[in-house]
Each structure stands twice: as C-alpha cells, then as structure tokens.
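First the structure, in the form of structure tokens, and then the observations on it.
The values are calculated or read from the model by the stated rules, or taken from the named source; none is laboratory data. Remember, predicted model here, so these are calculated numbers, not experimental data. Neighbour counts run over all protein chains shown; Cβ positions are idealised from the backbone, glycine included.
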Amino acid sequence: MLPALKSEGIKAVDSAIWIARPLDPAQVASLKTADVLGAWTEDGSDFRWGAFMYIDNVRNELNEYIEKCVK
C-alpha cells in the first residue's frame, strides 16, 4: 500500500518505527476491505524485517476511524 519513499514520514522511537503518510483515495478503499496488512523495513542490505497483521476482526472499528478522519 505504501511504497518506499526514502525516510519520508518515518520516525524511529526506541524499538518502534512509526509510519505517518497520507493515503490517497485508492489506498483508503483498499484499507477498508483488507484482511491482512504487512509492514516491512529494510536498509538496502539483503535483510528485511517485518510482520503481517490480520485485521479482519477489527474491520468495523477501522472503518469507523477512517470515516472520522475523512470528515
């Protein structure tokens, strides 16, 4: 959903990486129907770090949050 954009919108805090980027309308539509999100980071080497998150059980809450953000 979010292609690599150098370090724009990314902030490392302790052991967490916070990603804050605006989504375009197509990305928002995809997020509303997604079952799984994946987050992966890499530094240009051969290694990547990340995980998948199953979000189908929080879809209603996610959609409510998205609607509040759109207003």
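Within the stretch 13-66, can you find the residues that are outside any helix (DSSP H, G or I), free of Cβ contacts under 8 Å to residues at least 12 places away in the same chain and among the hydrophobic types (A, V, I, L, M, F, W, C)? Even if it seems obvious, please write down each step before you answer.
First pass over the stretch 13-66, keeping only residues outside any helix (DSSP H, G or I): 13-24, 34-55.
Right, trim to free of Cβ contacts under 8 Å to residues at least 12 places away in the same chain and you get 13-16, 18, 20, 22, 24, 40, 42-49.
The answer is Val13, Ala16, Trp18, Ala20, Trp40, Phe47, Trp49.
Filtering the stretch 23-71 down to residues that are β-branched (Val, Ile, Thr) and surrounded by 10 or more Cβ atoms within 10 Å (Cβ to Cβ), which residue is modelled with the lowest pLDDT? Checked the stretch 23-71; the qualifying residue modelled with the lowest pLDDT is Thr41.
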